[in-house]
């Protein structure tokens with residue numbers, strides 16, 4: 001299984017655990033369902049890849065959500081990963097603020113990245129927040145794990161378009177995305193310690209003690225930093241091949257690949273339930289000139305036409 005799959009792996013000699021995600025038709029389906037400019041598609045594809053990398057680690061059937069709220073042109077991104085294998089996402093943006101050639105970090109701007117784990121109605125939700133200060137999703141994810149989980153983590157994300165044959169046989173550019181996450185998880189907590197952040201308000205002349213990173217983690221980081229973007233999205237390079245390139249000298253073990261499907265949770269029943277949650281006057285105000293209520297799903301762009309009688313009017 002090469003595309004639309006997550007491949008867990010381990011490098012025991014480096015005390016490394018992680019996952020590789022490769023998205024082909026799944027990310028193309030999510031992005032082509034909207035009229036997104038390229039930079040918006042790229043930011044959303046990175047967020048989808050990150051959500052799959054993190055959400056696929058859930059050991060229960062729940063939901064993992066990534067959401068950004070920022071002051072940049074791409075003001076909001078929402079990605080839902082529903083265990084064990086479904087993902088959907090959309091972006092809200094201001095087209096007139098987008099600039100040709102702008103970086104993904106500039107498109108996001110400054111704000112917050114929220115990561116939410118929802119285990120169902122009978123369980124408490126967990127949410128972690130990390131600041132987005134112009135550093136992009138890769139760095140923000142690494143910062144989250146350092147501050148919240150205290151697990152040394154490296155994340156690589158890549159997005160691009162490659163030519164492929166559509167169902168009619170014609171060649172067209174299709175979106176691809178990929179990502180790799182590696183976490184340093186030795187059995188000894190002492191070895192997992194990272195250098196402390198600078199306290200910032202230390203008195204002048206105070207000695208700031210620094211502890212060095214473990215040699216195994218230093219080596220793992222150096223190897224991961226050699227990954228090129230094209231390696232993460234190359235349809236001719238399987239995830240196993242990429243991992244072998246990185247860790248063949250150390251020995252890498254892979255586990256069963258897990259599928260990923262682009263599938264929305266919307267349905268007519270859910271739309272009716274949502275409409276009936278609004279006050280009657282609000283529902284009446286939604287009736288269009290043709291006498292129906294129109295609702296478009298933000299995730300998949302499916303259009304639902306609802307007669308007022310079905311909306312309880």
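Where does each of 247, 255 land when they are ranked from fewest to most other beta-carbon atoms within 10 angstrom?
Details: 247 21, 255 11.
If I rank by nearby Cβ atoms, fewest first, I get 255, 247.
How big is the C-alpha Rg of region 70-110 next to the rule-of-thumb value 2.2 N^0.38 Å, as a ratio?
Numbers: Rg = 12.6 Å, N = 41, 2.2 N^0.38 = 9.0 Å.
Region 70-110 yields a ratio of 1.40.
Normalised by the empirical 2.2 N^0.38 Å for globular proteins, what value does the Cα Rg of the chain take? Working shown, then result.
Details: Rg = 21.9 Å, N = 313, 2.2 N^0.38 = 19.5 Å.
Rounded to two decimals, the normalised Rg is 1.12.
Taking other Cβ atoms within 10 Å as a rough exposure proxy, 129, 117 sort from fewest to most as 129, 117. When Rg and the Kirkwood Rh are both derived from Cα coordinates, the Rg/Rh ratio for region 268-311 amounts to 0.94. Taking the fewest neighbouring Cβ atoms within 10 Å as the starting point, the ordered list for 163, 76 is 163, 76. Across 144, 90, 126, mean-square fluctuation computed from a Gaussian network of the chain (C-alpha pairs under 10 Å connected) peaks at 126.
In a fully extended conformation the segment linking residue 118 and residue 100 would gain 2.7 nm over its present Cα-Cα distance, using 0.36 nm per residue. Taking label positions 7 Å along the Cα-Cβ direction at both residue 229 and residue 286, the computed distance is 4.0 nm, reported to one decimal.
Which semi-axes, in whole Å and largest first, does the equivalent ellipsoid of region 53-139 have when worked out from the alpha carbon gyration tensor as the square roots of 5 times its eigenvalues?
Numbers: eigenvalues 150, 32, 24 Å².
Semi-axes, largest first: 27, 13, 11 Å.
Computed from the coordinates by the stated procedures, all read-outs in this text should not be read as laboratory data. The model shown is predicted, which means the values in this text are computed figures rather than measured ones. All Cβ positions, even for glycine, are placed from backbone atoms using ideal geometry, and neighbour counts span all protein chains on display.
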